[in-house]
Amino acid sequence: MLFKSFLLLGVFAVACYGQSKVPVYVYYESLCPDSARFVNDQLYPVAKTFKKNLDLHLVPFGKSTYTTQGSDVLFSCHHGENECYGNKVHACAIQHIQGNSYQPNISKEDLTLDYVNCLMQRAQLKDGAFPTKRCADEVKIEQWQAITDCANSTEGSQLLKQYGDVTNKLQSPLKSVPTVAFKQTYDDELQKLSVSSFRHALCKNLSPQPVECLDLPSTASATASFGTLVAVVTFLVSRLF
C-alpha cells in the first residue's frame, strides 16, 4: 500500500510539474516600432506557448502624458496624435472584446492577444486608417463597432487615463518602451532580458518551470531533476505492473 502511495505521489508530481503562473505587465505604445517588434516577435509566440503560465496585463500608454480640463482628458503621445487614438483603440479592445459562443475553446484573453498582435503589425504598415476593423475581420472579433465607438468617445479617454495611472505608478515617465514588469515590479536586469529574450525572462520567473523551459541553457539542472523524477516514476510503474 505504501509503495502505491509513493507511486501515486510521483505521478502527481510529474503531472503537476510546471503549473506555476506569474503576472506580467507589458507597457507599450500603439505606434512604437520597438513595441511592435516585441509584441509580434516575442510576446505573442511566447504567450501562446506558455498560456497556462502567464497572467498577461497589457498597458497601452507608454511615454504618453495627460492633463484634465473639467471632465475632458487631453493626451500627448510619444508618436503623435494618431498614436493617442491607437492607444485608445487598444484600451477599448481590452475592455470590450468577448469570447464567441461558437468558439468555446478560445477565451477573451486569447482573442484580445490575437487582436493586439494584429493591430501592432498592421499599424506599422502606415497604409491609411488605423486597422481597427481590418484586424477584427482577420481575428474574427465581433465587437469592432463597440471598440470604434469607445475610442471616439469619453469612454476611450477614461480607459486610457486609467492605463496612464497604472503606468505612472510603475515609472513616471517610463525609462523605455516597451517595458516589461513581472509582478508589477520594475527590475532593470529583467527588463533587459525581457526585451532580448522574453521566453528566457519568463522561465526565470516560473517555479517550478514547465517543460517548455527545459531546453534553455540555464535550466540544465531543472532538466536533470525532472528527468530523474520521470525515470523514478517509470521504474515504479514497471515494478507495480
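The values are calculated or read from the model by the stated rules, or taken from the named source; none is laboratory data. This is a predicted model, so every value here is computed, not measured. We place every Cβ from the backbone using ideal geometry, glycine too, and count neighbours over all the protein chains shown. Heads up: the accessible areas ignore ligands, DNA and RNA and are worked out on the full protein's heavy atoms, side chains in. Shrake-Rupley method; radii C 1.70, N 1.55, O 1.52, S 1.80 Å.
Summary of computed values
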quantity: Condition check for ALA181: within 21 Å of the chain's Cα centre (by Cα), in a strand (DSSP E or B) and either within 21 Å of VAL46 (Cα to Cα) or among the acidic types (Asp, Glu) (or both); calculated: yes
quantity: Any pair with Cβ under 7 angstrom, 6 or more apart, that starts in the stretch 27-50 at a residue that is within 17 Å of ASN82 (Cβ to Cβ) and part of a helix (DSSP H, G or I) and ends at one that is polar (S, T, N, Q) and open to solvent by 10 Å² or more (accessible area, probe 1.4 Å); calculated: PRO33/GLN124; ALA36/GLN121; ALA36/GLN124
quantity: Sole residue being assigned to a helix (DSSP H, G or I), touching a Pro at 6+ places or on another chain (Cβ under 8 Å) and surrounded by fewer than 20 Cβ atoms within 10 Å (Cβ to Cβ), chosen from VAL166, VAL195; calculated: VAL195
quantity: Enumeration of residues in the stretch 82-102 that are modelled with pLDDT of 95 or more and open to solvent by 40 Å² or more (accessible area, probe 1.4 Å); calculated: TYR85, GLN95, HIS96
quantity: Count of the stretch 103-119 residues which are surrounded by 13 or more Cβ atoms within 10 Å (Cβ to Cβ) and part of a loop (DSSP other than H, G, I, E, B); calculated: 2
quantity: Single residue of the stretch 30-58 satisfying the filter (within 8 Å of the chain's Cα centre (by Cα) and open to solvent by less than 40 Å² (accessible area, probe 1.4 Å)) that is nearest to VAL116 (Cα to Cα); calculated: LEU58
quantity: Residue under evaluation LEU202, criteria (1) open to solvent by less than 40 Å² (accessible area, probe 1.4 Å); (2) in a helix (DSSP H, G or I); (3) in contact with a helix residue (DSSP H, G or I) (Cβ under 6 Å, 6 or more places away or on another chain), criterion not met; calculated: (3)
